1. Just to be sure before I move on: is residue 103 under 30 Å from residue 206 (Cα atoms), of a type in the set (D, E, K, R), at pLDDT below 90 and part of a loop (DSSP other than H, G, I, E, B) in the structure I sent?
2. Can you tell which of 255, 285 is buried (at least 17 other Cβ atoms within 10 Å of the Cβ), of a type outside the set (Val, Ile, Thr) and under 16 Å from the mean Cα position of the chain (by Cα)?
3. If you take the residues in region 149-168 that are open to solvent by 40 Å² or more (accessible area, probe 1.4 Å) and of a type in the set (Ser, Thr, Tyr), which one is farthest from the chain's Cα centre (by Cα)?
4. Which residues, taken from region 335-355, are closer than 24 Å to residue 285 by Cα and open to solvent by 50 Å² or more (accessible area, probe 1.4 Å)?
5. Could you list all residues from region 145-186 that are out of contact with any Lys or Arg (no Cβ under 8 Å at 6 or more places or on another chain), assigned to a strand (DSSP E or B) and more than 16 Å from residue 82 (Cα to Cα)?
6. Filtering region 356-379 down to residues that are of a type in the set (Gly, Ala, Ser), assigned to a helix (DSSP H, G or I) and in contact (Cβ under 8 Å) with a residue 40 or more places away in the chain, which residue is least open to solvent (accessible area, probe 1.4 Å)?
7. Taking only region 34-78 into account, find how many residues are basic (Lys, Arg), outside any loop (DSSP other than H, G, I, E, B) and within 16 Å of residue 162 (Cβ to Cβ).
Amino acid sequence: MVVGNIILRLRGSLEFKCQLDSTDVPHVQKVISRTFEALGSQVKAESLVLSLSSSPVFLWPNKGGHATAGEISPNRPCKDLQQLIQTDDQESSRKKSAKKDLKNPTAGIINLTLMTEVTEPGVHSAPTLLRGSKKHHLLQTTLPMDCVVSVLSSESISVVCGTLVGALCSQLGDMEKVALRHMKGTALLIPQPFHFLLPAPVGLVTVVYPAGVPDSQLETRRKELHSLFELPDNRPYLRRANALHFPDEPYKDGYLRNPHVHLNHPALENGKPYLVQGVYSYHHYMQDRVDDNGWGCAYRSLQTICSWFQQQGYVERAVPSHKEIQQALVEVGDKQVSFLGSRQWIGSIEVAAVLDQLLGVTSKIMFVSQGSELASKGRELANHFLSEGTPIMIGGGVLAHTILGVAWSETTGQIRYLILDPHYTGAEDLQVITDKGWCGWKGPEFWDQNAYYNLCLPQRPKTI
């Protein structure tokens, strides 16, 4: 997404309804294509209406961008629409302007809802009734339309409306292809759109997948898309879990994502930051109604790592609970049955064993005989974040932490560690977590200089 651009997201539903007179495949395909064509005409009709979310404004995109608000003319720049939107976030940000800026996530996103004007001039002819005795099959479902476009903030409202209508037509075309490709008899799998923010120069793209078909069965399609967008063939970019999470939509599970992005990088002479790649959840003491204060730090670090593999699309299973972690260690023969339900600590070796058992993820183990040696591991840690990009679990003495990155100077050897601390016991308050250093940059003195440490460096599976 380019600086100076505005993201417009248009969501709504279109009713898909058609009558099949036979189950003959060519007939079914023809009728489905004809129905999608009719829906395409519907979104080009003057009765199409776009409702600007959190405002009283309605737009008629096929009437040149005509709007209900008198002060909004079709020739005005689309950024003017943002002035008509009132959100709680905007109000609270004004009240907190003196506090540390944690970035307004809703800036630059305009949400619209797809609607249809149903009041039309009446027809004076009498109704016609037809009665037929032939058997037929009614195919009916709701198509979940979800279009996203990125436009210059200076672009006129009328041009933006045309762009949105074009995006709707394009998405209907993609849905038709998916519906026909995955048709089973007369059963229509609902096509669902997903948005992905791909590496430059590709940027924002939308892909339609059939509902009910797991990612494992869509690898052929992903290979086609990886080739189309010239993406690497050794990591997932287009699985459902990779879909763009819009910042104005809160996560439903209650966990914070990527608190480190709100931190400034430390200033080191000729230093560069090497950071975790992708999205993870912050897991710490006392979450999930589990009182693990004093013994569960490594479990929580492991959960953070598992969340990373889940949210990058490598695995579909949920983040394991303490019980599931302990069960996995018993199953691999690392622990006795008496370990189940206990409050025994685990370390980096156990973390690696659980990742292998539950996720099929292999890990490298780095041994450090004393904490003072960690200052000399800058190159190895930097290379890990460049090549693998996974969170690192580090255990030493009775404490465990998660390393999310390093800032390292190749010329001076100076190093800082980006630490996510699982010992936090408070609420999911981003301000507290970043201000109090529960997620923050630490110097070499953070480590016990005389204690030994083991680091678990998870490796990315080579897959798409």
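The values are calculated or read from the model by the stated rules, or taken from the named source; none is laboratory data. Just so it is clear, the structure is predicted and the values come from calculations on it, not from any experiment. Cβ sites come from the backbone with ideal geometry, for glycine too, and all protein chains shown count toward neighbours. Heavy atoms of the whole protein, side chains included, go into the accessibility calculation; ligands, DNA and RNA do not. Shrake-Rupley method; radii C 1.70, N 1.55, O 1.52, S 1.80 Å.
1. yes
2. Answer to the selection: 255.
3. Per the stated criteria, the residue is 154.
4. 338, 340, 341, 343, 344, 345, 349
5. 184
6. In this case the residue turns out to be 371.
7. Number satisfying all stated conditions: 1.
This table checks each residue for (1) closer than 26 Å to residue 420 by Cα; (2) surrounded by 12 or more Cβ atoms within 10 Å (Cβ to Cβ); (3) touching a helix residue (DSSP H, G or I) at 6+ places or on another chain (Cβ under 8 Å).
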position	(1), (2), (3)
175	no, yes, yes
183	no, yes, yes
187	no, no, no
191	no, yes, yes
205	no, yes, no
220	no, no, no
240	no, yes, yes
243	yes, yes, no
